[in-house]
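Input: a single structure, listed below in structure tokens.
The values are calculated or read from the model by the stated rules, or taken from the named source; none is laboratory data. Bear in mind that the values here come from a model prediction, so they are computed numbers and not experimental data. As a convention, Cβ positions derive from the backbone with ideal geometry for all residues, glycine included, and neighbour counts pool all protein chains shown. Protein only, heavy atoms only, side chains kept; ligands, DNA and RNA dropped before computing areas. Shrake-Rupley method; radii C 1.70, N 1.55, O 1.52, S 1.80 Å.
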Amino acid sequence: MTFRIEIQSDDCMSSGKCVADYPNAFMFDEEELASLIPNEPLTDQEMVKIARNCPSRAILVFDENNIQIDT
Ligand code: SF4
């Protein structure tokens, strides 16, 4: 894993897509917003897929140089 994910909480609409598809990596916080479970077991390809599937585009992916990936 070289990429990393950031969740823009202000943009999360609590759809639950990321939590349902990857329950080992995402959870809802006390405000019902998605948050990352530390040391999430995700591949780079999975991160891009998750970002694409987020209906509110709240999930951002960055490469090893901290450059945002165009998902
Ligand atoms: S898929 Fe996006 S909008 Fe849905 S819970 Fe996850 S971060 Fe929030």
Worksheet item: What whole-number value in Å² describes the accessible area per residue of the chain for a 1.4 Å probe?
Response: 63
Worksheet item: For the chain, max minus min Cα coordinate along each principal axis, in Å, sorted largest first?
Response: 32, 21, 17
Practice prompt. Give me the angle, in degrees from 0 to 90, between the Cα long axis of helix 44-53 and the longest principal axis of the Cα atoms of the chain, rounded to the nearest 10.
Written response: 40
Discussion item. With a 1.4 Å probe and all protein chains left in place, how much of the accessible area of the chain comes from carbon and sulfur atoms, in whole percent?
Written reply: 47
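For a quick check of your reading of the filter: which trypsin sites (Lys or Arg not before Pro) in the chain sit in a DSSP loop and have no more than 16 other Cβ atoms within 10 Å?
Answer in residue order: R57.
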